[in-house]
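Working notes, beginning with the structure itself.
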Amino acid sequence: MRTTLTILGIAGGVVLLVLLGVAIAVWTVDPNQFIGPIQARIKASTGRDIAIKGGIDLKLGLEPKLVVHDVRIGNAPWAKGQDMVTAKSIEAQVALLPLLRRHFELVRLNLVDPVIALETNAAGEGNWELAPPKGGASAPAGSASPGALGIGDLAITRGALTYRDGATGAETHVVIDELSLRARDAQSPVNAEFRGTIDGIAVAMTGNLGPLATLAERRLPYPVALQGEVAGRKTSVAVKVQRSDGLVELQDIDASSGGTKLRGKLGIRQTGKTTTYAVNLTSPSMSLDDLALPAASAPPAKHPASAGAGSKHLVFSDAPVSFDALHKNDASGEIAIDWLVLSAGRSLEKVRIQFTLQGGKLDVSSFQAAGLGGTLAGKLSIDTSRGPSPAIALVLDGHQLDIAALLSAAGVAREMRGGKTELAIDVTMKGDSPHKWMSAINGRARAVVGPATVVNTKLDPTLSFDKLAQLVNPFRAAEPNTELKCAVVRLPLSNGVAQVDRSIAVETKEMDVGVTGSLDFRNETLDLAIRPRVRQGISINIAQFAELVRFHGPFTAPTVGVDAMASAATIARIGAAIGTGGLSILGETLLSSASGSGGGGAGACDIALGKATPPAASGSQSATSGISNPVGDIGNAVGRLFKK
């Protein structure tokens, strides 16, 4: 016991002596006398001026702290601003024992309210790349040794950082609530923590970085491992950074955000004003929702648009699509995604993309995916090098696609079984918005649907399409299902217009339907004449049916009507039939006999595909015989059709 007390007494005495020595050192040293040597040392080591306008205070305690007020660190000669860093104050925690030797070794450095401006020039050189001035003098004699300026921990409180790309002019804005980098020394790994926003997106991350000495000396590779939340989604990043002149390589990437995972490598080379990316990435799963980060709110317009102003085009937007990135960067590589989740729960599998981007021209040489019940393959070219209006070429082929999935992707809900579909699109477009693309579209598009069963329940008579289907095909009102034999949509596209000459067709067990008219993508309007023909099940033979049903108007709200002028004789005969046939004759008001119902005549689908010629129209003279009052019958027929 006595020995223990003796040891404690000696230890206490040593502590008192140390504290006494520190007190003597502190009271005999004015920290402001180090301003000159500090400025000279930094200038000699980095070539940058540093201004300490508010002086230096020393706060006593077991962990003495130097507080440097109103600090400014000069910028590179070519930089936009005069200062690279300004700070309200810099708090430096000082090692205790070195004070006895009047040396200030920094254990922790905290920048309070700093404003940091990082930027590159057109050649890719960063203003943070520090070096002694060429031909500059060596550090002044008696200045602090490099060890005295070593930093163990670095922290930033309430800061703002701006990064500007000198080649592209793009800026990134960072608001720092808290940033800390902690390490035992320059040779030890760094524990990092960040809370703040990047371009308005909330970020909170913690993790480990490689030693600062490794980063400063460009010894390779430099490891980074972070985890936390980005935009409210759990996020992690592990990567090894390799740097050389003009090249940054991100190797062994293993990143995740929400349900998205990404692996591979990415090379970034800066050559003059051009950044070139070499991409080789794979993803077991990727969600577009995970990649869609919230945009920072835009400032209010000086002159708000008046009520009702905006695009008159409701299907294809007038909003310009920016292709600026294609001008400023080059890239090449491939991306493989095992499972890609699209909007509304739809997905694609085994997505493979190969691409090159050079001189403003993007060439997706190969795109492959499994989805929508089948497979998709194609290629895409976007050329922005020839002016402000990009030229776009798209080739897309789909095999064994599910028609119900295709309709659902287009926003049309139909209960269907079967209907494997072949899709072929080969088009060129030009412009900087979806509306301009469709207004200048040229080429061809084709969809061929195989046998399917369409469930006739859950129809909405207020929808134009359902109203049209009921009018053209009265059988669906009496039967639970429609047995579809085939359907064809073949659109020859020229300057934004598709002229349809029986190249849209539907065949069911009971009837054929052929369509003639036009689809105008420039004005988003359609004008189609629909000609149904009976295959079986209707006892009254109507020999000719010319443009009786008309489907026309804007894409978003077309109307369904009867072209009485083009079908006067037929309507007259319909009127007579309605007078004797009752409700079951509703089908006969709209149907003529199909030449393909027997005897080997051409069906509507073969005609639409160009494999057969349409049958010659039969004369109407014999068909109208025996009708005593055609004018009255026309009125009665039209009235019965619209239940008047």
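A few comments on the model shown:
- Segment 337-351 residues that are open to solvent by 50 Å² or more (accessible area, probe 1.4 Å), paired with ones that are of a type in the set (D, E, K, R) (beta carbon under 6 Å, 6 or more apart): Trp339/Glu349
- Among the residues of segment 303-333, the ones that are at pLDDT 80 or above, open to solvent by less than 70 Å² (accessible area, probe 1.4 Å), small (Gly, Ala, Ser) and assigned to a loop (DSSP other than H, G, I, E, B) come to 2 in all.
- All of Arg352, Arg346 fail the test of being under 22 Å from the mean Cα position of the chain (by Cα), modelled with pLDDT of 95 or more and at negative phi, apart from Arg352.
- In segment 370-387, the residues that are more than 12 Å from Thr421 (Cβ to Cβ) and not in a strand (DSSP E or B): Thr384, Ser385, Arg386, Gly387
- Within segment 353-405, being under 30 Å from Ala487 (Cβ atoms), open to solvent by 60 Å² or more (accessible area, probe 1.4 Å) and without any contact (Cβ under 8 Å) to a residue 24 or more places away in the chain holds for Gln368, Lys379.
- The condition (being in contact (Cβ under 8 Å) with a residue 60 or more places away in the chain, of a type outside the set (Lys, Arg), open to solvent by less than 50 Å² (accessible area, probe 1.4 Å) and over 18 Å from Ser287 (Cβ atoms)) is satisfied by just one residue among Gly228, Gly246: Gly246.
- Comparison of Thr214, Thr275 shows that the only residue that is within 24 Å of Asp324 (Cβ to Cβ), at pLDDT 75 or above and either loosely packed, with under 15 Cβ neighbours inside 10 Å or among the β-branched types (Val, Ile, Thr) (or both) is Thr275.
- Residues satisfying the stated conditions in segment 478-537, i.e. more than 20 Å from Val448 (Cβ to Cβ), charged (D, E, K, R), open to solvent by 30 Å² or more (accessible area, probe 1.4 Å) and part of a loop (DSSP other than H, G, I, E, B): Glu479, Arg522
- The set of residues in segment 58-74 being open to solvent by 20 Å² or more (accessible area, probe 1.4 Å) and modelled with pLDDT of 80 or more consists of Val68, His69, Asp70, Arg72, Ile73.
The values are calculated or read from the model by the stated rules, or taken from the named source; none is laboratory data. Since the structure is predicted, the reported quantities are computational estimates derived from the model, not experimental observations. So basically every Cβ, Gly included, is an ideal-geometry build from the backbone, and we count neighbours across all protein chains shown. With ligands, DNA and RNA removed, areas are computed over all heavy atoms of the protein, side chains included. Shrake-Rupley method; radii C 1.70, N 1.55, O 1.52, S 1.80 Å.
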